[in-house]
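The values are calculated or read from the model by the stated rules, or taken from the named source; none is laboratory data. As the structure is a prediction and not an experimental result, all values here were calculated from the model. Cβ atoms come from the backbone with ideal geometry, glycine included; neighbour counts cover every protein chain shown. In case anyone asks, the SASA skips ligands and DNA or RNA and just uses the protein heavy atoms, side chains included. Shrake-Rupley method; radii C 1.70, N 1.55, O 1.52, S 1.80 Å.
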Amino acid sequence: MFLRNYWYVAALDEEVRDRPLGRTILGEPVVLFRTADGALHAFEDRCPHRRLPLSMGKIVDDVLQCHYHGLRFAGSGLCVRVPGQDHIPQNARVRTYPVVARYRWIWIWMGDPALADPAQICDFHWLSDPDWGAKPSYLHVEANWQLIVDNLLDLTHLAFVHETTIGNMALVEHAAVKVQRAPNNVLVTRWIVDQPAPPTFVKVGKFTGNVDRWQIIDYTPPAFLRLDVGACPTGTGAPEGRRVGGIGMRNLNAITPETETTSHYFWGQAHDFEPHNAAMTERVFEQIKTAFLEDVAVFTAQQRMISLKPDAPQVDINADAGGIQARRIVDRLYREEQAAAAAHATAAE
Amino acid sequence: MAVNFRVELIWKESGDKEAASIFLTSDGRVILQGRGVSAEERDKLALPRDAELISVDRNLIRAIKDML
Ligand code: FES
Ligand SMILES: [Fe+2]
């Protein structure tokens, strides 16, 4: 199940240069490239001649040339040259997709192009904001996109999956979590008030006493998860919204379905302390990456079990609340999108 | 290893209308937030005298339908 009328991250900005990049998105092959003037393009990655992936071709004079017989396609998707003949068949054209570069990521719109409005791109400014240090990254994952959403909305797995990295039992034992569900958003909030700071926080935050610590997970469909974590000295008013003298980080996740069982996982870690210290950015990133790979091992293994028997039953527990609410939203949006598409098709008849 | 997880569910409509909380507790209960029903109200509305009654917002009913 894919939601189509949304902006998805297609690539890291640095991946799309003057060489075509092929990537399957929502089950459709796409080729991304930039021309010399910096303009971004996204085409269907299938030559209309003999269906070779156009991503095997190259950019020649600002147009994309197919590797097989050299047909050339301009930014509009229209064929502008057929080697050996003057006549260009009318249907020699490829589908184009709206693309935008923002927050060091390349965003693509796979749905109805008439609905593509870049103002709807989910806010990930921390990745490109000078007040933050940040490093974006990409990983190909052998798991359905919703398994990754479930994982990020879930806090109790920290004690088990991340036992040796970021997790500890205190984080989940006697935990009180707030799950707020708006029509198109889930917010999971957790405060740990007046407790010692974890060692990693002490190192960068230079805390001398107890801290108020927060974990706030913002889910925006289809698969954007922005985690706001940090700590401030106890009693300075962080739970009331006054964050002073502390540290903050954002764990930023954008998951793009590749197929029903594989995903493109774009993520990044941003920090507000020593934002211009590249070594700090790297250190923070590496720390999170270790935990991140522990999660990847979990959802790829889940996917293997699910693929073996898709209808095997599963049970829910209280801690699933965030993930369950997110899936309810996706189900509703999917029904709405299907209904709108059906109405559109009927009107067109 | 016991994990006692208490979840508070809050449902919000498009505006800023928020429903009262639903609590899922580790002993398997669902606890709703409402207001006690006074003796005068019980008399006036012909409600049971000794049961523990709470009156809840209609939004909370929508929240229960939507979230549970
Ligand atoms: S397959 Fe592309 S030019 Fe022939
Ligand atoms: Fe995790």
Label-to-label distance, nm, for residues given as A:Ala74 and A:Gln195 (7 Å Cα→Cβ offset): 6.2
Accessible-area value, B:Arg35, 1.4 Å probe, nucleic acids and ligands omitted, Å²: 120
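With r as the distance between the Cβ atoms of A:Arg328 and A:Arg95 and R0 = 35 Å, compute the FRET efficiency 1/(1 + (r/R0)^6) and round to 0.05. Write out the running numbers ahead of the final one.
Values: r = 33 Å, r/R0 = 0.93.
Calculated transfer efficiency: 0.60.
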Straight-distance crosslink candidates among aspartates and glutamates, where the alpha carbon sits under 18 Å from B:Lys44 and sequence neighbours closer than 8 are dropped: B:Glu52
List A:Thr220, A:Thr256, ordered by accessible area with a 1.4 Å probe, largest first: A:Thr220, A:Thr256
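Do any of A:Lys178/A:Lys309; A:Lys135/B:Lys12; A:Lys178/A:Lys206; A:Lys135/A:Lys289; A:Lys203/A:Lys289; A:Lys58/A:Lys289 go past 22 Å between their Cα atoms, and which?
On the way: A:Lys178/A:Lys309 33 Å; A:Lys135/B:Lys12 34 Å; A:Lys178/A:Lys206 29 Å; A:Lys135/A:Lys289 11 Å; A:Lys203/A:Lys289 18 Å; A:Lys58/A:Lys289 34 Å.
Result: A:Lys178/A:Lys309; A:Lys135/B:Lys12; A:Lys178/A:Lys206; A:Lys58/A:Lys289 exceed 22 Å.
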At R0 = 25 Å, FRET efficiency that the Cβ-Cβ distance of B:Val30 and A:Thr236 yields, to 0.05: 0.10
Apportionment of accessible area to carbon and sulfur, chain B, percent (1.4 Å): 50
Extended-chain gain in nm, criterion 0.36 nm per residue less alpha-carbon gap, A:Ala36 and A:Ala176: 45.0 nm
Angle in degrees between helix A:278-308 and the longest Cα principal axis of chain A, rounded to the nearest 10: 70
Accessible heavy-atom area order of B:Leu47, A:Leu40, highest first, probe of 1.4 Å: B:Leu47, A:Leu40
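Report the FRET efficiency, 1/(1 + (r/R0)^6), for A:Ala343 and A:Lys203, where r is their Cβ-Cβ distance and R0 is 41 Å, rounded to 0.05. Present the calculation step by step, with values, prior to reporting the outcome.
On the way: r = 56 Å, r/R0 = 1.37.
About 0.15, to the nearest 0.05.
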Virtual spin-label span in nm between A:Arg335 and A:Glu28, 7 Å along Cα→Cβ: 2.6
Anisotropy class of chain B from Cα gyration tensor, a/c 1.5 cut: oblate
Accessible area buried, both sides summed, chains A and B with 1.4 Å probe, Å²: 1900
Added length on full extension, which subtracts the Cα-Cα distance from 0.36 nm per residue, A:Arg17 to A:Ser128: 38.1 nm
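Would you mind calculating the relative contact order of segment A:131-333 from Cα pairs under 8 angstrom and at least 6 residues apart, reporting the percent as a whole number? Provide the component values of the computation, followed by the final result.
On the way: 374 pairs, mean separation 59.9, N = 203.
Worked out over segment A:131-333, it gives 29 percent.
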Debye equation applied to the C-alpha atoms of segment A:7-119, log10 I(q)/I(0) at 0.11, 0.12, 0.24 Å⁻¹: -0.32, -0.38, -1.40
Summed side-chain charge close to A:Lys289 - residues other than A:Lys289 whose Cβ falls under 11 Å, Lys, Arg +1, Asp, Glu -1: -2
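Just the number, please: percent antiparallel of the DSSP beta bridges in the protein assembly as shown, rounded to the nearest 5. Working shown, then result.
Working: 87 of 94 bridges.
Bridges in the protein assembly as shown are about 95 percent antiparallel.
For A:Arg250, what is the net charge nearby, where nearby means another residue's Cβ is under 9 Å from its Cβ and Lys, Arg count +1, Asp, Glu -1?
-1
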Heavy-atom surface of segment B:7-67, accessible at 1.4 Å and reported per residue (Å²): 68
Probe 1.4 Å, protein heavy atoms only - accessible area per residue of segment A:131-333 in square angstrom: 43
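222 nm [θ] for the protein assembly as shown, helices only, -39500 (n - 2.57) per DSSP H run of 4+, per residue, to 500?
On the way: 7 runs with 94 residues, N = 417.
Mean residue ellipticity at 222 nm (helix-derived): -7000 deg cm²/dmol.
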Summed residue charge, Cβ within 11 Å of A:Leu21's Cβ, Lys/Arg positive, Asp/Glu negative: 0
Heavy-atom accessible surface of segment A:1-143: percent carbon and sulfur, 1.4 Å: 46
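In what order, largest first, do A:Met280, A:Met56 sit by accessible area if the probe radius is 1.4 Å? Walk me through the numbers before you get to the answer.
Details: A:Met280 10, A:Met56 105 Å².
Reading off the accessible areas and sorting them downward yields A:Met56, A:Met280.
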